[in-house]
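Below is one structure, written out as structure tokens; comments come after it.
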Ligand SMILES: Nc1nc2c(ncn2[C@@H]2O[C@H](COP(=O)(O)OP(=O)(O)OP(=O)(O)O)[C@@H](O)[C@H]2O)c(=O)[nH]1
């Protein structure tokens, strides 16, 4: 049996847009080979037609009465752009709804690898009474932290999947107690699992950015900073590991200001340092806290500020006020009038500036030493927005995709976004952020992409891998539902609204491997696992390469793919064989070339006739490819030109030089000829593909390779070893920073050159070095590498033709 035509060629890492129909076919093909129709169906279900037919505006008009004042207000607000402010919405909330929302926080915890996200989250759960005992990441009791529920996470001591939980924090202030409901997502730090951070930040209203008190801003801090900016997520910062030798929170504050270019100021000053770290002075209230109790659960507040930090407290408080005055008008006025702000004025200014994304207040503590996670939790309540203070919009597909504001009223029609899928023992679990209206058990909801109606059978609140069943979830909250078939990023509405929300940013994979089960009897489980992983993780891609007859998995890095191979073994009992990792090369052209190509075949019956002429040239950038027709006088009719364009895009999927995708090529067709009977869409498509191939090869084609931003950190004594390792791999070192006991190197390195680096680094640093790599851009491959790749491709083509 031969593979479908469209799939001929490896097209290793198919792009997300063009890929949709092709990957469906690819999955079909993989699944057919694996003889698993169940897997085929599930794979297909994930990538249905993008075309959406909206249900008519059926009940909306009739229901307006029922939705009441809120709906009328919203409609008015949508009609009048000036009234579309968050303030209008808040001012019109009923007191009950305003109160409910003011006590909700949806937050994420994001940071560089090993900064202590999971350890902090464990303390949050403990202090809020969600768990009864503290267990450590890689702890001696072998239980492991609550949020690292996967065995693999506990063994490796890293977070692989983000985990959601919720808790109630009773904030005590001046004898008053207020309970806040916090939905929290702990995200992985490793760049290979970056999609988990993307999707969490897409739906959260605020974040806690954790930094290590010794290392400060690290490479992944910069990545999460970019991600928080991408989704406009306000953040507070928490400097963890204050107990470590060399801890310097103010260096980290400085780095947030300078490296992240975000105004930051400490809102606390430590009392004692490193293993003597014992207290904190709050610069807003000017009170001192000490942690007592077996697990630091008792916070003792004192009015006196210890004499040894009094001067530092004055300096740092002045810096806090000055920094705020730079970003907040009210504070600037007080500052200019030389007035001392009150506690309320300071808190209000920090809150305004944080929510306006202009400032981050910096808290500090040591999660492992059970010190001062509670004041950070107060900071979440005081300074991060509630759901009604964040602007969320959808596109109204019935109104030419006009942006519409989503309002967290319970009484409005339901709108929610499925941001994460996970297979559980009870079936597919879909995490949903409810933006508007209520999600109720038994409610019929419509998937905005497929327009399919589904009934919500079960709603749960997640607590890591445990769940609590609920009958409804209010606007502005996060939950998970069972039994709905959808893809990550799908919008659900109750059918009255034609709304669709933007999905999260999905980075392109850069590395691939061939994979097959060691044992043929495992094929059905293998395809089941592949279908599941693909559905859950949009950065994990699979296609079948018809030339090598291999299944190819692609992802964000070696660790990413390793984890899936390991999960296949553990969760599906399938041992796999994998090939060496492959790089997602690209091809492009470097000069302009004219073409004039005639396809003419007469083999009895209807022939093939198509002539296409024009030119190919570099597009000027590497963002996709470009096709244009400039035919005058009807030399080629409209429908044949459409076929030419199709031929062009097909050619770009598999370049003539080494069979990888083409980037940055532009093709203009400005002339041609048609035959009365022998011309067809097929002949024009084929003629364009042939012209493309010839012109491409004359246009000095080159291979592009992915360059990776690489950051290595290790104890200073290993600096020579690490630099030597990087140089051996032809990395270009851009910067080095030597800290108290660690040093960090920033380098640009080719992905190919970095294969297997983690093993070498481990050996060269006694396992103490760590590194991260993130795709930066494509760059021309060295001539020798291009030569090798071209000859390997030519050989594989010749071998194939001989078969
Ligand atoms: N000294 C010290 N070590 C800490 C502190 N907090 C966490 N650690 C340790 O740092 C290591 C990493 O902690 P995790 O909580 O797993 O860090 P993470 O940021 O969740 O890690 P990833 O999700 O894998 O990026 C563990 O060995 C912790 O015990 C702290 O306050 N002080």
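The numbers here are math on the coordinates, done by the rules we state, and not lab data. This one's a predicted model, so the numbers in the text were calculated from it and none came from an experiment. Cβ coordinates were reconstructed from backbone atoms using ideal geometry, including for glycine residues, and neighbour counts include every protein chain displayed.
Laid out as a table, the results:
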| quantity | calculated |
| --- | --- |
| Spacing of the two label points (7 Å from each Cα toward its C-beta) at residue 740 and residue 308, in nm | 1.5 nm |
| Expected 222 nm ellipticity per residue - DSSP helices of 4 or more, -39500 (n - 2.57), all of the chain, to 500 | -10000 deg cm²/dmol |
| Spatial separation of Cα centroids for the range 183-228 and the range 449-509, in angstrom | 23 Å |
| The range 512-563 versus the range 746-803: alpha-carbon centroid distance in Å | 20 Å |
| Global form of the range 392-501, assessed from the alpha-carbon gyration tensor, a/c cut-off 1.5 | prolate |
| Using alpha-carbon coordinates, inclination of helix 60-79 to the longest axis of the chain, degrees | 80 degrees |
| Length gained when the stretch residue 577-residue 152 is fully extended (0.36 nm per residue, less Cα-Cα span) | 151.1 nm |
| Orientation-averaged projected area, Cα convex hull of the range 104-383 (nm²) | 13.7 nm² |
| Helix 16-33 axis, angle to the chain major axis (alpha carbon atoms, nearest 10°) | 70 degrees |
| Size of the range 511-579 as Cα extents on the principal axes (Å, biggest first) | 29, 28, 19 |
| FRET efficiency estimate (nearest 0.05) - Cβ-Cβ, residue 797 to residue 676, R0 30 angstrom | 0.25 |
| Separation of the residue 698 and residue 332 label points, Cα + 7 Å toward Cβ, nm | 6.2 nm |
| FRET efficiency for residue 391 and residue 465, using Cβ-Cβ distance with R0 set to 35 Å, rounded to 0.05 | 0.60 |
| The range 225-382 - convex hull of alpha carbons, volume per residue in Å³ | 116 Å³ |
| Length released on extending from residue 508 to residue 732, taking residue separation times 0.36 nm less the Cα-Cα span | 78.3 nm |
| Debye equation applied to the C-alpha atoms of the range 704-785, log10 I(q)/I(0) at 0.12, 0.15, 0.22 Å⁻¹ | -0.32, -0.49, -0.98 |
| Against the rule of thumb 2.2 N^0.38 Å, how large the Cα Rg of the range 586-700 comes out | 1.02 |
| Antiparallel DSSP beta bridges within the range 586-700, percent to nearest 5 | 75 percent |
| Cα-projected label distance for residue 630 with residue 569, points at 7 Å along beta-carbon direction, nm | 5.8 nm |
| The range 635-673 versus the range 309-338: alpha-carbon centroid distance in Å | 61 Å |
| The chain: angle of helix 719-728 to the longest principal axis, Cα-based, in degrees nearest 10 | 10 degrees |
| Computed lengthening from residue 94 to residue 275, 0.36 nm per intervening residue step minus Cα-Cα distance | 60.2 nm |
| Binned Cα-Cα distance frequencies in the range 677-717 - 10 Å width, integer % | 20, 22, 19, 14, 11, 9, 4, 1 |
| Listed peptides 667-678, 335-346 by packing density, highest first (mean Cβ within 10 Å) | 667-678, 335-346 |
| Span per principal axis, largest first, for the Cα atoms of the chain (Å) | 100, 74, 59 |
| Rg in Å to one decimal, and Dmax rounded to a whole Å, for the range 226-311 via C-alpha atoms | 14.8, 43 |
